[in-house]
1. What angle, in degrees between 0 and 90 and rounded to the nearest 10, separates the Cα long axis of helix 64-78 from the longest principal axis of the Cα atoms of the chain?
2. Is region 1-156 best put as rounded, prolate or oblate by its Cα gyration tensor, with a ≥ b ≥ c the root eigenvalues, rounded for a/c under 1.5, and otherwise prolate when a/b is larger than b/c, oblate when not?
3. Strictly over 24 Å apart at the Cα level, which of Lys57/Lys105; Lys50/Lys105; Lys50/Lys136; Lys16/Lys190; Lys16/Lys105 would you flag in this model?
4. Given springs between every Cα pair under 10 Å in a Gaussian network model of the chain, which of Leu78, Leu113, Leu144 has the largest fluctuation?
5. Heavy-atom accessible area per residue, region 60-187, 1.4 Å probe: how many Å²?
6. Dipole magnitude of the chain about its Cα centre, charges +1 at Lys/Arg Cβ and -1 at Asp/Glu Cβ only, in debye to the nearest 20?
7. What would the Debye equation give as log₁₀ I(q)/I(0) for region 51-130 at q = 0.12, 0.20, 0.23 Å⁻¹, counting only Cα atoms as equal point scatterers?
8. Under 15 Å from a label point 7 Å along Cα→Cβ of Glu118: give me every residue in region 157-171 with its amide N that close.
Amino acid sequence: MAVRHVIIIGPPGSGKGTQAMRVADKLDLKHLSTGDLLREAVSEGTELGKKAEEYMKAGLLVPDEIMLGLIREQLDVLEGGGWMLDGFPRTLPQAETLAELLAGKDLAIDMVLLIDVESEEIVGRLTSRRVCGDCKAVYNLSMLPDGDESVCEKCGGKLVTRPDDREETVRRRLKVYEEQTAPVLDFYRKLRGVTEVTGSGDIDEITAEIIRGRR
Ligand code: ADP
Ligand code: ZN
């Protein structure tokens, strides 16, 4: 059976966004990242962005009612095609509402994918992540020749730390994940099973394992 509707879940810094992009491309699915949509809204200064910004900077989840409005809009866009949901659902109420929305459209989830990484590895990864303020390219501090003085090798832009990648905020995001997103995994475990892949190691290998493990 072709895999058309996929949900990808993982702690912050698990590489779920990277894998979602790669797997969506391979399986010809549209990649929908709520984190990307929110960051876009923040940088454009829209009403949604203004509401979401403070929560995101603090490492907290954006309230369900805002997220549900956003996903309702997007599901209409996604109707008819295959998709990979990245960053949604992140709370039990979001998962329950998504189930209702999909049932109403006669759509089913074909795969729930968990990319798992240990907390201490995550803290190390995120606090050493730098992003280009212009083209959004992602780097790791350990790979930058001039450390925090380095510039983007793609566009020459200034490299910055995402406000939610500060250590204190990373630890809060991990706590939020344990408290609010882990129950979503249990929900799907009971409902249909979850495909689990470790997010440590070579990026290409992880992608290959996901593709092999699809069911
Ligand atoms: P990460 O997985 O690295 O935490 P994302 O890019 O998926 O990052 O999301 C960034 C931030 O956007 C989250 O920390 C949260 O504040 C907000 N966000 C994204 N998706 C949701 C959601 N479904 N519900 C609530 N907040 C969300
Ligand atoms: Zn750049």
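1. 70 degrees
2. Values: a/c = 1.89, a/b = 1.55, b/c = 1.22.
Cα axes put region 1-156 in the prolate bin.
3. Details: Lys57/Lys105 35 Å; Lys50/Lys105 31 Å; Lys50/Lys136 20 Å; Lys16/Lys190 22 Å; Lys16/Lys105 27 Å.
Long pairs (Cα-Cα over 24 Å): Lys57/Lys105; Lys50/Lys105; Lys16/Lys105.
4. Leu144
5. Value for region 60-187: 51 Å² per residue.
6. Using Cβ point charges on Lys, Arg, Asp and Glu, the chain gives about 240 debye.
7. Debye intensities relative to I(0), on a log10 scale: -0.47, -1.05, -1.19.
8. Taking a point 7 Å out along Cα→Cβ of Glu118, no residue of region 157-171 has its backbone N under 15 Å.
The values are calculated or read from the model by the stated rules, or taken from the named source; none is laboratory data. Here the structure is a predicted model, which means the values were calculated and not measured. Please note: Cβ atoms are built from the backbone with ideal geometry, for glycine as well, and neighbour counts cover all protein chains shown. Note: areas computed on protein heavy atoms with side chains; ligands, DNA, RNA excluded. Shrake-Rupley method; radii C 1.70, N 1.55, O 1.52, S 1.80 Å.
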